[in-house]
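A.B. asks: Structure below; questions to follow.
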Amino acid sequence: MIVVPGVNSQELAYRVSKLANCKLLRTEFKRFPDGELYIRVLDNGAIENEDVVFIQSQRDQNDAVVESMLMSDILRDEGARSITFVASYMAYTRQDKKFNPGEPISIRVLAKIYSQLFDRVITINPHETHIKSFFEVPFICGSAVKELARHVKDRLKKPVVLSPDTGAVKLAKEAAEVIGCEYDYLEKTRISPTEIKIAPKNLDVKDRDVLIVDDIISTGETVATAIKMLKEQGANNILVACVHPVLIGDALNKLYTSGASEVIGTDTFPSPVSKVSVDRVIIELLKDAGF
Ligand code: R5P
């Protein structure tokens, strides 16, 4: 097995290659003057007959999709025996159904493309796992929530884990099992991509530390609203953990000014709060894939 990074996953790819004790390919990433992407793998000859693992955070969504196509073309041409695509953060997974007539199922069309480009696809905490049915090659997904929970476990007093919506309850349960505490959830309604409403709920959080767990924090509205509710009900420290810290614009500031004591994310989506690595999660998923 050999590893090749996407432009935004150079550190993560290095970490995985170290753990797997395998070669990390040398790459070049540039842009043409008009903005188009240029990528090159410099270790020609190293790819032939190899099982190549391409690790890419799709942080720059549209560029990442193009980068993945270009990388597949290089690797196939150079004679890779197989190509495994590890999209640590997979873009467009939230448009996994038609919410309104006239919309595409964005991840479905991308799944068709990836199925042509790669021999298998691995990702971490996709928004919903039903997207597996859109892939025509093996699709394996794992979770980084246990790593996040282990990272904060010893810092929480009288802890309780909370998911800010029903979609993340399974993540809250996973974290609570590691910490050995209770979990609860809130009920959120999304009004628009930037507006949400959370139904009032009395929670048993007075003088307790709360760990809020979500898969993605994007605008920060969901978690900031949850934090305000927890503060009003007398919660002590509120730690926020998410797998994919997308954190658009002022999202991080919004979380801290709402009362978060710390925000922790993973390196599926490199950001200033990516304090937990998913390197070992990827190694386990590669083992599940037969490596
Ligand atoms: C949605 O259901 C996800 O789990 C997240 O809660 C959501 O994407 C967060 O978005 P935002 O930070 O913009 O509220």
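A.B. asks: Using +1 on the beta carbon of Lys and Arg, -1 on that of Asp and Glu, and nothing else charged, what's the dipole of region 58-106 about the Cα centre, debye to 20?
C.D. replies: So the dipole magnitude of region 58-106 works out to roughly 300 debye.
A.B. asks: In whole Å, what three semi-axes, largest first, describe the equivalent ellipsoid of region 204-248 built from its Cα gyration tensor (square root of 5 times each eigenvalue)?
C.D. replies: Each semi-axis is the square root of five times an eigenvalue, giving 21, 11, 6 Å.
A.B. asks: Another question, if that's okay. Give the Debye-formula value of log10 I(q)/I(0) at each listed q (0.15, 0.16, 0.17, 0.27 Å⁻¹), with one equal scatterer per alpha carbon of region 117-185, two decimals each.
C.D. replies: -0.57, -0.62, -0.67, -1.15
A.B. asks: Binned at 5 Å from 0, what are the whole-percent values of the Cα-Cα distance distribution for region 96-135, short to long?
C.D. replies: Calculated P(r), rounded to whole percents: 5, 22, 31, 23, 12, 5, 1.
A.B. asks: Assuming a viscosity of 1.306 mPa s and a temperature of 10 °C, what translational diffusion coefficient in µm² per second does Stokes-Einstein assign to region 58-212, Rh being the Kirkwood radius over Cα pairs?
C.D. replies: 88 µm²/s
A.B. asks: Still on this structure, please answer the following. Rg to Rh ratio, region 153-291, alpha-carbon atoms and Kirkwood radius?
C.D. replies: Computed over Cα atoms, the ratio is 0.98.
A.B. asks: Provide the packing ranking of 38-49, 201-212, i.e. peptides ordered by the mean count of other C-beta atoms within 10 Å per residue, highest first.
C.D. replies: 201-212, 38-49
A.B. asks: What spacing in nm lies between the two simple spin-label points modelled at Lys173 and Asn49, each 7 Å away from Cα in the Cβ direction?
C.D. replies: The two pseudo-label positions are separated by 4.8 nm.
A.B. asks: Moving to a separate point now. Which aspartates and glutamates, on any chain, are close to Lys254 with Cα under 17 Å apart, when same-chain ones fewer than 8 places away are left out?
C.D. replies: Within the straight-line limit of under 17 Å, Lys254 reaches these aspartates and glutamates: Glu195, Asp214, Glu221, Glu232, Glu262.
A.B. asks: May I pose another question? Peptides 278-286, 70-78: what's the order by average Cβ count within 10 Å, highest mean first?
C.D. replies: 278-286, 70-78
A.B. asks: What is the sum of charges, Lys and Arg at +1 and Asp and Glu at -1, for the other residues whose Cβ falls under 10 Å from the Cβ of Glu262?
C.D. replies: That works out to +2.
A.B. asks: Placing unit charges on C-beta atoms (Lys and Arg positive, Asp and Glu negative, everything else neutral), compute the dipole magnitude of the chain about its Cα centre in debye, rounded to 20.
C.D. replies: Magnitude of the dipole: close to 660 debye.
A.B. asks: Got a sec? Charge dipole of region 70-119, +1 on Cβ for Lys and Arg, -1 for Asp and Glu; which of Leu75, Ala91, Gly102 is way out at the positive end?
C.D. replies: Farthest towards the positive pole: Gly102.
A.B. asks: By how many nm would the segment from Asn21 to Arg76 grow when fully extended, if each residue of separation counts as 0.36 nm and the alpha-carbon distance is taken off?
C.D. replies: 17.5 nm
A.B. asks: What's the extension gain from Glu232 to Ile140 if we count 0.36 nm per residue and subtract their Cα-Cα distance?
C.D. replies: Working it through step by step, the gained length comes to 29.1 nm.
A.B. asks: On to the next question. What net charge do the residues around Ser133 carry, taking every other residue with its C-beta under 13 Å from that of Ser133, with Lys and Arg at +1 and Asp and Glu at -1?
C.D. replies: Taking every other residue near Ser133 into account, the sum is +1.
A.B. asks: What do you get for Rg/Rh over region 213-291 if you use C-alpha atoms and the Kirkwood form of Rh?
C.D. replies: Computed over Cα atoms, the ratio is 1.09.
A.B. asks: Could you please tell me the mean projected area of the C-alpha convex hull for region 16-84, averaged over all directions and given in square nanometres to one decimal?
C.D. replies: The orientation-averaged projected area of the Cα hull of region 16-84 comes to 4.9 nm².
A.B. asks: Next question. Charges at C-beta only: +1 for Lys and Arg, -1 for Asp and Glu. How large is the resulting dipole of region 146-291 about its Cα centre, in Debye rounded to 20?
C.D. replies: Value, rounded to 20: 260 debye.
A.B. asks: Can you tell which of Val246, Ser218, Ala172 lies farthest toward the positive end of the dipole of region 151-281, using +1 and -1 charges on the Cβ of basic and acidic side chains (Lys, Arg; Asp, Glu)?
C.D. replies: Value: Ala172.
A.B. asks: Grab the Cα-Cα distance for Glu36 and Tyr256, subtract it from 0.36 nm times how many residues apart they are, and report the gain in nm with one decimal.
C.D. replies: 75.5 nm
A.B. asks: Which three semi-axes in whole Å describe the equivalent ellipsoid of the chain, each the square root of 5 times a Cα gyration tensor eigenvalue, listed largest first?
C.D. replies: That gives 36, 20, 17 Å for the three semi-axes.
A.B. asks: Considering only Cα-Cα distances, which of the following residue pairs are longer than 25 Å: Lys97/Lys287; Lys18/Lys132; Lys97/Lys188; Lys112/Lys275; Lys112/Lys173?
C.D. replies: Lys97/Lys287; Lys18/Lys132; Lys112/Lys275; Lys112/Lys173
A.B. asks: Then there's this: Modelling each spin label as a point 7 Å along the Cα-to-Cβ direction, I'd like the Lys158/Asn202 distance in nm, to one decimal.
C.D. replies: Taking the two extended label points, one gets 1.7 nm.
A.B. asks: How are the alpha carbon pair distances in region 1-41 distributed across 10 Å bins from zero to the largest one, expressed in percent?
C.D. replies: Spelled out per bin, shortest first, that is 29, 45, 20, 6.
A.B. asks: What order, most packed first, do the peptides 51-63, 120-132 have when packing is the mean number of other Cβ atoms within 10 Å of each residue?
C.D. replies: Packing order, densest peptide first, comes out as 51-63, 120-132.
Coordinate-derived values only; no laboratory data. From a predicted model like this one, the values you see are computed outputs, not experimental measurements. Positions of Cβ are backbone-derived with ideal geometry, glycine not excepted, and every protein chain shown enters the neighbour counts.
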